1. Taking Cα pairs under 8 Å and at least six residues apart, what relative contact order does region 7-119 come out at, in percent?
2. Relative to the first principal axis of the alpha-carbon coordinates of the chain, what is the inclination of helix 160-171, with its axis defined by its Cα atoms, in degrees from 0 to 90 and to the nearest 10?
3. Pick from 281, 155, 234: which is most flexible by mean-square fluctuation in a GNM of the chain where alpha carbon atoms under 10 Å apart are linked?
4. Helix 71-85 versus the longest principal axis of the chain: what is the Cα-based angle in degrees, 0 to 90, to the nearest 10?
5. Would you please put 179-188, 238-247 in order of how densely packed they are, using the mean number of other Cβ atoms within 10 angstrom per residue and starting with the highest?
6. Under 8 Å for C-alpha pairs, at least 6 residues apart: give me the relative contact order for region 202-279, rounded to a whole percent.
7. Kindly express, to the nearest 10 degrees and within the range 0 to 90, the angle between helix 49-62's C-alpha long axis and the longest C-alpha principal axis of the chain.
8. Below 8 Å between Cα atoms, with a sequence gap of 6+, how large is the relative contact order for the chain in percent?
Ligand code: PMP
């Protein structure tokens with residue numbers, strides 16, 4: 001992945017993709033003092049770029065550091081990099097991390113570095129294929145109590161249990177895993193939020209110990225625009241047998257119907273289809289969508 005052509009924006013400059021390197025004694029690597037974003041460009045524009053940039057800056061603030069660029073500067077860098085890479089539809093990965101000036105838990109003097117990379121990652125908008133749904137396992141690890149982790153930050157360290165859970169699910173032939181939270185309530189997948197349908201109403205867990213995804217909020221708005229009621233509440237795993245449909249939402253996942261979670265079964269249906277389609281329309285740049 002590090003041997004590609006193209007450029008990466010690195011601390012204010014465009015550098016060759018292969019040369020965007022850091023030292024092995026980087027604090028972000030040893031102590032997970034890093035925050036990142038995942039964004040998608042559609043039709044040459046990053047969907048909800050400002051919201052992602054603001055979340056990146058806020059994630060850094062929660063970890064106790066100031067991202068040394070303004071939101072305007074990061075947005076401009078992203079837009080210019082997208083044009084220089086020449087992609088119209090792409091995935092965007094900004095990251096900010098503490099550098100290598102000090103090595104130890106304390107890193108007060110370490111530089112805060114910022115990089116942005118953009119690569120092609122086709123969005124999966126073949127609705128027919130999507131409507132088959134993906135299979136999820138139930139993860140062993142649980143999302144931590146906000147008293148034990150900075151759960152509002154898109155912090156690299158919080159993904160340790162996600163990678164372990166995703167690998168365990170994949171080893172059993174599943175696409176992903178549903179994670180419960182520390183109380184045993186349904187939380188989210190390893191990189192996407194979760195919704196359920198019962199009697200025409202959408203149910204989704206309250207994001208009080210995991211990321212309130214930008215896609216999640218978009219889908220809540222799209223559903224309300226269609227007159228679909230949305231209930232945000234605590235959902236216990238025992239309730240899963242009572243839901244007819246289930247789908248995941250996330251920048252990478254977009255709206256992805258789910259057909260199985262461990263022993264529970266769902267049939268992707270009308271509400272999932274409506275929101276897959278509405279989200280596909282919503283992400284397109286407005287003038288392009290009007291053409
Ligand atoms: N939860 C986790 C753990 C994630 O990694 C993501 C993807 N960023 C989401 C939820 C969905 O967030 P968004 O819709 O902002 O991409």
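1. 37 percent
2. 50 degrees
3. It is 281.
4. Approximately 90 degrees, to the nearest ten.
5. Numbers: 179-188: 19.5, 238-247: 17.7.
By packing density, highest mean first, the sequence is 179-188, 238-247.
6. Averaging sequence separation for qualifying contacts and normalising by length gives 30 percent for region 202-279.
7. 70 degrees
8. It comes to 18 percent, rounded to a whole number.
Bear in mind these aren't lab numbers, they're just calculated from the coordinates by the rules spelled out. Remember, predicted model here, so these are calculated numbers, not experimental data. Glycine gets a Cβ as well: all are built from the backbone with ideal geometry, and neighbour counts include every protein chain shown.
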